[in-house]
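K.L.:
Please see the structure below; I have some questions.
The values are calculated or read from the model by the stated rules, or taken from the named source; none is laboratory data. Please read these numbers as outputs of a predicted model, since none were measured by experiment. Cβ coordinates were reconstructed from backbone atoms using ideal geometry, including for glycine residues, and neighbour counts include every protein chain displayed. To get the accessible areas, we keep the full protein, side chains included, count just its heavy atoms, and leave off ligands, DNA and RNA. Shrake-Rupley method; radii C 1.70, N 1.55, O 1.52, S 1.80 Å.
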Amino acid sequence: MRKRISLMILDDHDVVRVGLEANLKQYQEFEIVGSFAQSSQLLAVFRKQLPDVLLMDFSLGSNEVDGLNLIQSINVRYPECKVLVLSSVDLVGTVNLMLRAGARGFFSKSQPVDALAGAIHSVYAGRVYLTVKMMSEMNLLLSGDIKLEEGKVLDPYSRLSPREREVVRCCLDGMSTSQIAEKFSRSIKTVSTQKKAAFQKLGINTDRELFLLNSKLE
């Protein structure tokens, strides 16, 4: 008899979690061995039993561990468990961070739920799962005709202009927009525009996301 794929679910929204359970129970090849609202509950069970695939929300509650840190921790401590992120956060830069942290795939909550089974099979088989749209957006961040190979994580800084790189580097050094403008003898408006353009290319919105992105590249 073919081995069933064991699954665990981590999502702090009861409606989402129960809905996922109901959908996945109709597939005989899947076995749900745990379903949790809190990461602490999940990790307590991990010490005794590991699933083949963990389906986890990226944005957990305010008192929860950061999604990226949780993915990275699971990847380091339990590398045999494959993480498939389910999230409504679909910025290309953030998805790239998830992959760098150790996730094996990203499933958008805006996708049809019937596509989830295929995503689970992909990551279980050792493939990286991304939607065609997300794969295309990642490829757009690469220069020239270089394409993102399956499983490869791109260099998010590859499409920044030299001046945008300067602004980003100074932001990472803790400099304010006015300090950067003074350093390079540019107007504050020019620096703000360059910073905004850099953030758009990186697929991020805030300074915090920039620091998270950079920490995964070091």
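K.L.:
Within segment 205-216, does at least one residue satisfy the condition of being under 21 Å from Gln72 (Cβ atoms), at pLDDT below 70, open to solvent by less than 50 Å² (accessible area, probe 1.4 Å) and of a type in the set (Lys, Arg)?
P.N.:
Checked segment 205-216: at least one residue is under 21 Å from Gln72 (Cβ atoms), at pLDDT below 70, open to solvent by less than 50 Å² (accessible area, probe 1.4 Å) and of a type in the set (Lys, Arg).
K.L.:
Any idea how many residues of segment 67-80 are touching a helix residue (DSSP H, G or I) at 6+ places or on another chain (Cβ under 8 Å) and part of a loop (DSSP other than H, G, I, E, B)?
P.N.:
Here the count works out to 1.
K.L.:
Turning to a different aspect of this structure: So which residues in segment 35-57 are under 22 Å from the mean Cα position of the chain (by Cα) and either assigned to a helix (DSSP H, G or I) or over 17 Å from Arg104 (Cβ atoms) (or both), if there are any at all?
P.N.:
Ser35, Phe36, Ala37, Gln38, Ser39, Ser40, Gln41, Leu42, Leu43, Phe46
K.L.:
Could we say that Leu55 is touching a Ser or Thr at 6+ places or on another chain (Cβ under 8 Å) and either surrounded by fewer than 21 Cβ atoms within 10 Å (Cβ to Cβ) or among the hydrophobic types (A, V, I, L, M, F, W, C) (or both) here?
P.N.:
So Leu55 does not fit the description; no.
K.L.:
Here's another thing I want to ask about it. What number goes with the only condition from (1) of a type in the set (D, E, K, R); (2) over 17 Å from the mean Cα position of the chain (by Cα); (3) surrounded by 19 or more Cβ atoms within 10 Å (Cβ to Cβ); (4) at pLDDT below 85 that Lys147 does not pass?
P.N.:
With respect to (1) of a type in the set (D, E, K, R); (2) over 17 Å from the mean Cα position of the chain (by Cα); (3) surrounded by 19 or more Cβ atoms within 10 Å (Cβ to Cβ); (4) at pLDDT below 85, Lys147 is out only on (3).
K.L.:
Filter segment 168-209 down to residues that are assigned to a loop (DSSP other than H, G, I, E, B) and small (Gly, Ala, Ser) and give me whichever is farthest from Val95 (Cα to Cα).
P.N.:
Among residues in segment 168-209 that are assigned to a loop (DSSP other than H, G, I, E, B) and small (Gly, Ala, Ser), the one farthest from Val95 (Cα to Cα) is Ser185.
K.L.:
So Phe107 ticks every box in (1) over 12 Å from the mean Cα position of the chain (by Cα); (2) crowded, with 16+ Cβ neighbours inside 10 Å; (3) not in a helix (DSSP H, G or I) but one. Which box is left unticked?
P.N.:
All conditions pass for Phe107, except number (1).
K.L.:
Inside segment 73-101, can you point out the residues that are surrounded by 20 or more Cβ atoms within 10 Å (Cβ to Cβ), under 19 Å from Phe211 (Cβ atoms) and without any contact (Cβ under 8 Å) to a residue 60 or more places away in the chain?
P.N.:
Met98, Leu99
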